[in-house]
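The next block holds one structure in the form of structure tokens; read it before the comments.
Where a number appears in this text, it was derived from the coordinates with a stated rule and is not lab data. What you see is a predicted model; the values in this text were computed from it and never measured. Counting neighbours? That spans all protein chains shown, and the Cβs are built from the backbone with ideal geometry, glycine included.
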Amino acid sequence: MKIDAHQHFWQYNPERDAWIDDSMQVIRRDFMPSDLQPVLEKNGMDGCVAVQADQSEEETEFLLKCAAENPFVKAVVGWVDLLSEDVSTSLA
């Protein structure tokens, strides 16, 4: 099995993604699983690991939803606040 071990998906937000400056204009757009799937297929890849691009639990939930809806997303590397008092609940 061949896996792309580090893939980002996002819905572009100019405020949150302010780090994307004018020199990176090409990535100032949404990147969704539907954009990646044909590229994986063309290159004989079996799937990918989605990695968080934003440090928020909302981002992790978004990636988990992408994985649930797209079987080629084999795993998710998400984010959780390990210093939070309710970290156990978040991890569950």
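The alpha-carbon of K2 sits under 18 angstrom from the alpha-carbons of these aspartates and glutamates, leaving out residues fewer than 8 places away in its chain: E41, D46. For the chain, the antiparallel share of DSSP beta bridges with both residues in that region comes to about 10%.
Counting Lys +1, Arg +1, Asp -1, Glu -1, what net charge surrounds D46 among other residues with beta carbon under 11 Å of its beta carbon? Surrounding charge for D46 is 0. With a Förster radius of 25 Å applied to the beta-carbon distance between M1 and A68, the computed FRET efficiency rounds to 0.80. Alpha-carbon geometry of region 1-50: the Rg and the Dmax are 12.8, 38 Å, given in that order. Magnitude of the charge dipole for the chain, about its Cα centre and with charges confined to Cβ atoms of Lys, Arg (+1) and Asp, Glu (-1), is about 520 debye.
Kindly provide the helix-only [θ] at 222 nm of the chain, computed as the sum of -39,500 (n - 2.57) over DSSP H runs of four or more divided by all residues, to the nearest 500 deg cm²/dmol? Mean residue ellipticity at 222 nm (helix-derived): -8500 deg cm²/dmol. Our analysis of the chain gives Rg over Rh at 1.01, with the two radii drawn from alpha carbon positions and Rh computed by the Kirkwood formula.
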